[in-house]
Every structure is written in C-alpha cells, then in structure tokens.
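The values are calculated or read from the model by the stated rules, or taken from the named source; none is laboratory data. It should be emphasised that the depicted structure is a prediction, and the values quoted were computed from it without experimental measurement. Every residue, glycine among them, receives a Cβ derived from its backbone with ideal geometry; neighbour counts consider all protein chains shown.
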Amino acid sequence: MEINIRDGEEFIRLGQALKKSGLVSSGVDAKMVILNGEVTVNGEIEVRRGRKLYSKDTISFENQTIKIIK
C-alpha cells in the first residue's frame, strides 16, 4: 500500500498516515497503537505520533506495510 504526501507538503505525520491508510479509524486509535509500540517506521518501533514521514519511509502495522510517496 502507498500513501501520498499532500501537494505542497514535504512530510506527513505518523498518526495522519495511519488514518489516511484506513488501518485505524481515528486519531485516538492511532495514538493508542503507536504508544503501545505496535507501529514500526523503517523497521524500528516508533512511539511518537507526530513523527514526520518523508518520501520512501515505510510504516508497518498489523502485518501491513505502507510506503510513503510524494
């Protein structure tokens, strides 16, 4: 799966990317799975919901991988 960064933006935040992908239904759900250590960014556990993601970063959650593209 791939997520596009909005035109004119250089990054997307981790919580936003999880919501945009449909893997979580709300910001609260995103916050919980991130704080619980269930999300990895580029292969490392990430606990910051506001982590900035740039083109070519990858997110993994519940056996799903999301690639960030411009």
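Test each condition in (1) out of contact with any Asp or Glu (no Cβ under 8 Å at 6 or more places or on another chain); (2) modelled with pLDDT under 95; (3) not β-branched (V, I, T) for M32 and report the one that comes out false.
(2)
Go through region 43-69 and give me each residue that's under 11 Å from the mean Cα position of the chain (by Cα) and among the acidic types (D, E).
E46, D57
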